[in-house]
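A.B. asks: Before I ask anything, here is the structure I am working with.
The values are calculated or read from the model by the stated rules, or taken from the named source; none is laboratory data. The model shown is predicted, which means the values in this text are computed figures rather than measured ones. Backbone-built Cβ (ideal geometry, glycine too); neighbour counts: all protein chains shown. Surface accessibility is based on the protein's heavy atoms, side chains included, excluding ligands, DNA and RNA. Shrake-Rupley method; radii C 1.70, N 1.55, O 1.52, S 1.80 Å.
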Amino acid sequence: MDIVLPSLYFNGNKLSGEAIDRLSRRLGDLGDIFNDREAYDAMPADQVIYEVESAFPVADGTEGGLFLGVTYVHPGKVGDEYFMTKGHFHKIRNRAEIYICMEGEGMLILMNEDHTHTWAEKMSPGSVHYINGHTAHRTANTGNSILSFGAVWPSDAGHDYETISENGFSKILVDMNGMPTLVNRTRP
Ligand code: PAN
Ligand code: ZN
């Protein structure tokens, strides 16, 4: 057949189609990312912080292919710190990525490879974010509704979560008098 239908669609802001992988990250899975331990311990471990729907058209590790993911970060805070994703470097450090914000308000938090500089880009519906290789990335929801964004990254990039779970980002994003603000991390 010469003309075929795509196997994936955005149905509203949800990904639909064949072979979509879905995962949920709950507060209990994210113990090493939030700065305020007391506030963290006082919250329910089964609370969903974010969900990811992904399509993997080729095998993980394939050079030259692309993966697609849609992330939905729920609104809320642990203490003053906004709900956010774990964050990672790509295992192959030079692999870049593109995020496209679909709904909500947030920040893309970025950190250089030697952890000396952390900065953020504002996310709003339609904003496009090019994430250079060698740059750690995570997103935080700074609004009152779901933050969702699409992501496209090389299928051989891999995810290095360990470096972030051990050292964090050098700054955290907190609500300071209603304004999202990057401040130095206090927890060792
Ligand atoms: C994204 C992220 C997604 C969830 O698709 O994987 O937002 O964040 P964590 O992977 O840090 O938990 C991406 O950057 N892929 O490479
Ligand atoms: Zn990534």
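A.B. asks: Residue check: is E38 part of a helix (DSSP H, G or I) and open to solvent by 70 Å² or more (accessible area, probe 1.4 Å)?
C.D. replies: yes
A.B. asks: Name the pairs whose Cβ atoms lie under 7 Å apart, with the first residue in region 68-79 and under 22 Å from I98 (Cα atoms), the second open to solvent by less than 10 Å² (accessible area, probe 1.4 Å) and outside any strand (DSSP E or B), and 6 or more positions between them or separate chains?
C.D. replies: From region 68-79, the pairs are V73/F83; H74/F83.
A.B. asks: Would you call I109 surrounded by 19 or more Cβ atoms within 10 Å (Cβ to Cβ), within 19 Å of K77 (Cβ to Cβ) and within 16 Å of ligand 2 (Cβ to nearest atom)?
C.D. replies: Here the answer is yes, as I109 does meet what is asked.
A.B. asks: State whether one or more residues within region 151-161 are over 27 Å from G126 (Cα atoms), among the aliphatic types (A, V, I, L, M) and in contact (Cβ under 8 Å) with a residue 24 or more places away in the chain.
C.D. replies: No: region 151-161 contains no residue that is over 27 Å from G126 (Cα atoms), among the aliphatic types (A, V, I, L, M) and in contact (Cβ under 8 Å) with a residue 24 or more places away in the chain.
A.B. asks: When you scan region 1-18, how many residues do you find that are assigned to a loop (DSSP other than H, G, I, E, B) and within 21 Å of the chain's Cα centre (by Cα)?
C.D. replies: So the count comes out to 2.
A.B. asks: I want to confirm something. Restricting to region 120-131 and keeping residues that are surrounded by 14 or more Cβ atoms within 10 Å (Cβ to Cβ) and not hydroxyl-bearing (S, T, Y), which single residue is farthest from ligand 2 (Cβ to nearest atom)?
C.D. replies: Only one residue fits best here, namely P125.
A.B. asks: Mind checking which pairs have a first residue in region 132-145 that is at positive phi and a second that is open to solvent by 30 Å² or more (accessible area, probe 1.4 Å) and assigned to a loop (DSSP other than H, G, I, E, B), Cβ under 6 Å, 6 or more apart or different chains?
C.D. replies: H134/R93; H134/E113
A.B. asks: Considering region 57-98 alone, what residues qualify as being open to solvent by 30 Å² or more (accessible area, probe 1.4 Å), more than 21 Å from T142 (Cα to Cα) and away from ligand 2 (no atom under 14 Å from the Cβ)?
C.D. replies: Of everything in region 57-98, those that are open to solvent by 30 Å² or more (accessible area, probe 1.4 Å), more than 21 Å from T142 (Cα to Cα) and away from ligand 2 (no atom under 14 Å from the Cβ) turn out to be P57, V58, A59, G61, T62, E63, G64.
A.B. asks: Taking N167 as the residue in question, decide whether it is away from ligand 1 (no atom under 11 Å from the Cβ), out of contact with any His (no Cβ under 9 Å at 6 or more places or on another chain) and open to solvent by 40 Å² or more (accessible area, probe 1.4 Å).
C.D. replies: Considered against the rule, which asks whether it is away from ligand 1 (no atom under 11 Å from the Cβ), out of contact with any His (no Cβ under 9 Å at 6 or more places or on another chain) and open to solvent by 40 Å² or more (accessible area, probe 1.4 Å), N167 comes out as no.
A.B. asks: Tell me which residues, restricted to region 22-53, are touching a residue at least 12 places away in the same chain (Cβ under 8 Å) and over 16 Å from the mean Cα position of the chain (by Cα).
C.D. replies: G28, N35, D36, R37, E38, A39, Y40, M43, P44, A45, D46, Q47
A.B. asks: So, one more: Residues to consider are R138, R185; find the one that is more than 16 Å from ligand 1 (Cβ to nearest atom) and surrounded by 13 or more Cβ atoms within 10 Å (Cβ to Cβ).
C.D. replies: None of the others qualify; the one that does is R185.
A.B. asks: Let me ask something else. Could you grab me the full set of residues in region 149-164 that are surrounded by 17 or more Cβ atoms within 10 Å (Cβ to Cβ) and either more than 10 Å from ligand 1 (Cβ to nearest atom) or assigned to a loop (DSSP other than H, G, I, E, B) (or both)?
C.D. replies: Within region 149-164, S155, D156, A157 meet the criteria.
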